[in-house]
Each structure stands twice: as C-alpha cells, then as structure tokens.
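K.L.:
I'd like to ask you about the structure that follows.
The values are calculated or read from the model by the stated rules, or taken from the named source; none is laboratory data. Just so you know, these numbers come straight off a predicted model, no measurement behind them. Virtual Cβ from ideal backbone geometry, glycine too; neighbours counted across all protein chains shown. Remember, those area values only see protein heavy atoms, side chains included, never the ligands or the DNA or RNA. Shrake-Rupley method; radii C 1.70, N 1.55, O 1.52, S 1.80 Å.
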Amino acid sequence: YLNITCIANKLGDIVNGAFANSSEVDRNKSNNNDSEMITVYPLADLAVIKIVNNSNPNYLDLIKWFVIVSNNGPNSATGVVVRDIMPQGLELVHSSEYIDKYGNWYVGDLDVNDARELDIICRVTSTGVFRNVVVVSGEETDPFPDNNEDDEIINVAPASDLSITKTVSKYYYRVGDAIDYSIKIANNGPDEARNVRVNEILDPLLTLKSFRATKGNYDEQKQMWEIDALENGESAELHIRAMAAGAG
C-alpha cells in the first residue's frame, strides 16, 4: 500500500491515475492501471460583525448600527445575503443600502479579502433589553460557520411621559370669593411613573380652604401632591378650593 495525502489546488473534477509495471512479463495488463475522480467545490469563509454607536440609549433616541461582512477566502463568494433581524422596539429610519421587509441585505458577490459595510439608523420605540442579531450566508460551503453570526445588546432605561393640565373655575373674582382649581396629571407611557411629585404652590393672595385628590396625597405644608406610581395611560386629579384673600 502507498498512502498519499495532498491538498487540492484547483476547483472542479480532478482525476488521479495510477499505473503499475515491473521487470517481469505481465500477461494481463488490463488491471495495471486505475483512477479515482474527486470533485472540489469552492470554499468561502464569510464573516460578519455588528457594532452599535450607543448601547444605552434613551426612549425615542436615534441609534446607528454598523454591519460589516467580509470574505476570508480561499475562494470568491457568490450570492451573499446578510439578514439583520431587527427586534420589536426598534424602528428602521434609514439604511445605506436596500433592506427588504424581512431584513435581508443582498450583498451579491465578494472576492477574497473584500468587505462591505451597511449602516442602519433606527429609533428606539420601547424600553427594556434588546438583542439585535445579524447572520450571513452564501452559495459556497463555509469552512468556519462560527463567525457567520454576531449580535449586539442595547439597554433602554424605563421612561414615562408625564403631562399636566390645570383649570380654574373663574378668572375674575371679588375678594372673599371661592375659587376652585383642578389639576390633572397623566402618564402617557410607555412605562410606569414612580415617585410622582407635583408642586402646587398657592399665591399669597389665595387662602387654602379644602382639597381632594383622586390618588396620592397633598401635603399642604409642603404644597406638594405626592403619588407613589401612575401606570401607563393612568391619570389622577387634585381638586383645590381657595378663598380670594386679596385683589390682584
């Protein structure tokens, strides 16, 4: 037996033949040769990396992603597709190249040692922890699939949009009149608002007579309305009655 180890240095079908002879007369030379054919398919080691410019954005911030795909060879890569799986809570605003509705970026062909970059701008539309995954594939066999996927994680802190509205029962009054104020606070989300504090400071020309809050407590000494928490979409009201103690 003769065992030979070799490296294929071209693509396609390769026929390897062997022929045997000796010093003696061979009465049957029909079995003195044999061959084997192998088919060598191209290999392309595709790699992808993903980078984000801000891993701790705030709610409704714009952030930018950088996706870089490269071909480490040894052959050219064809039909390269990068899929960027954008999680819910991130809204696509702009991309430097076309991405279809499934998140596919059709790169096409990549020569050995070539690289392409895709820039994506998106808006943060929710809060929490988000993992953004990117995957690359091509038509050739990839000898090292471990670098075909990458991800980045962003952490968006809780946020709440508080709005306040104040109305009064009368704009013109006489000294000694009763005046009613209504203060409404609402949480427009997206998360629960905690430790809500509303400063409700009466003018010296007004004397507090009574108050009532639908939620929380009003401290007349601090002149502060305190609410432990307001859920997303929840509202509360504070009603205050004061007496007009002076003109102005």
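K.L.:
If a residue must be in contact with a Gly (Cβ under 9 Å, 6 or more places away or on another chain), open to solvent by 60 Å² or more (accessible area, probe 1.4 Å) and part of a strand (DSSP E or B), how many such residues does the stretch 180-211 contain?
P.N.:
Residues in the stretch 180-211 being in contact with a Gly (Cβ under 9 Å, 6 or more places away or on another chain), open to solvent by 60 Å² or more (accessible area, probe 1.4 Å) and part of a strand (DSSP E or B): 1 in total.
K.L.:
Could you check how many residues of the stretch 54-85 are of a type in the set (S, T, N, Q) and assigned to a loop (DSSP other than H, G, I, E, B)?
P.N.:
Adding up the residues that qualify gives 6.
K.L.:
Please go through the stretch 215-248 and give me each residue that is of a type in the set (A, V, I, L, M, F, W, C) and part of a strand (DSSP E or B), ordered by number.
P.N.:
Residues of the stretch 215-248 that are of a type in the set (A, V, I, L, M, F, W, C), as a first pass: 224-225, 227, 229-230, 236, 238, 240, 242-245, 247.
Passing the criteria: Met224, Trp225, Ile227, Ala229, Leu230, Ala236, Leu238, Ile240, Ala242, Met243, Ala244.
K.L.:
Do you know which residues across the stretch 20-33 are surrounded by 10 or more Cβ atoms within 10 Å (Cβ to Cβ) and part of a loop (DSSP other than H, G, I, E, B)?
P.N.:
First, the residues of the stretch 20-33 that are surrounded by 10 or more Cβ atoms within 10 Å (Cβ to Cβ): 20, 26, 29, 32-33.
Within the stretch 20-33, Ala20, Asp26, Asn32 qualify.
K.L.:
From the list Val107, Val82, Val93, which one is in contact with a strand residue (DSSP E or B) (Cβ under 9 Å, 6 or more places away or on another chain), β-branched (Val, Ile, Thr), open to solvent by 70 Å² or more (accessible area, probe 1.4 Å) and in contact (Cβ under 8 Å) with a residue 12 or more places away in the chain? I'd like the intermediate steps shown before the answer.
P.N.:
Details: Val107 fails: open to solvent by 70 Å² or more (accessible area, probe 1.4 Å); Val82 fails: open to solvent by 70 Å² or more (accessible area, probe 1.4 Å).
The unique qualifying residue is Val93.
K.L.:
Pairs please, first residue from the stretch 118-142 and among the acidic types (Asp, Glu), second anywhere and in a strand (DSSP E or B) and open to solvent by 50 Å² or more (accessible area, probe 1.4 Å), Cβ atoms under 7 Å, 6+ apart in sequence or on different chains.
P.N.:
Pairs found: Asp119/Lys64; Asp119/Phe66; Glu140/Leu43.
K.L.:
While we're looking at this one, here's another question. Which pairs have Cβ atoms under 7 Å, sit 6 or more apart or on different chains, and link a residue in the stretch 203-225 that is free of Cβ contacts under 8 Å to residues at least 12 places away in the same chain to one that is surrounded by 12 or more Cβ atoms within 10 Å (Cβ to Cβ)?
P.N.:
Asn217/Glu226; Asp219/Glu226
K.L.:
Is there any pair with a first residue in the stretch 6-19 that is exposed (fewer than 10 other Cβ atoms within 10 Å of the Cβ) and a second that is not in a loop (DSSP other than H, G, I, E, B) whose Cβ atoms are under 7 Å apart and which are 6 or more apart or on different chains, and what are they?
P.N.:
From the stretch 6-19, the pairs are Lys10/Val40; Asp13/Met37; Asp13/Thr39; Val15/Ser35; Val15/Met37; Gly17/Asn33; Gly17/Ser35; Phe19/Asn33.
K.L.:
Pick from the stretch 165-179 the residues that are of a type outside the set (Phe, Trp, Tyr) and open to solvent by 60 Å² or more (accessible area, probe 1.4 Å): which of them is nearest to Gln223 (Cα to Cα)? First the steps, then the outcome.
P.N.:
Kept after step one, since they are of a type outside the set (Phe, Trp, Tyr), are these residues of the stretch 165-179: 165-170, 174-179.
Restricting the remaining residues to those that are open to solvent by 60 Å² or more (accessible area, probe 1.4 Å) gives 165-167, 169-170, 174-175.
Details: Thr165: 17, Lys166: 15, Thr167: 17, Ser169: 20, Lys170: 21, Arg174: 24, Val175: 22 Å.
Once the filter is applied, the top-ranked residue is Lys166.
K.L.:
Of a type in the set (S, T, N, Q) and touching a His at 6+ places or on another chain (Cβ under 9 Å): which single residue out of Ser96, Ser182, Ser163 fits that description?
P.N.:
It is Ser182.
K.L.:
Could I ask something else about it? Could you tell me whether Arg174 is outside any strand (DSSP E or B) and charged (D, E, K, R)?
P.N.:
On the way: outside any strand (DSSP E or B): yes; charged (D, E, K, R): yes.
Answer is yes for this residue.
K.L.:
Report the residue count in the stretch 53-71 for those that are in contact (Cβ under 8 Å) with a residue 24 or more places away in the chain and surrounded by fewer than 19 Cβ atoms within 10 Å (Cβ to Cβ). Outline the logic, then answer.
P.N.:
Within the stretch 53-71, the first condition is being in contact (Cβ under 8 Å) with a residue 24 or more places away in the chain, and the residues that meet it are 54-71.
Next, from what is left, pick out any that are surrounded by fewer than 19 Cβ atoms within 10 Å (Cβ to Cβ): 54-56, 58, 60-62, 64, 66, 68.
Looking only at that region, the number is 10.
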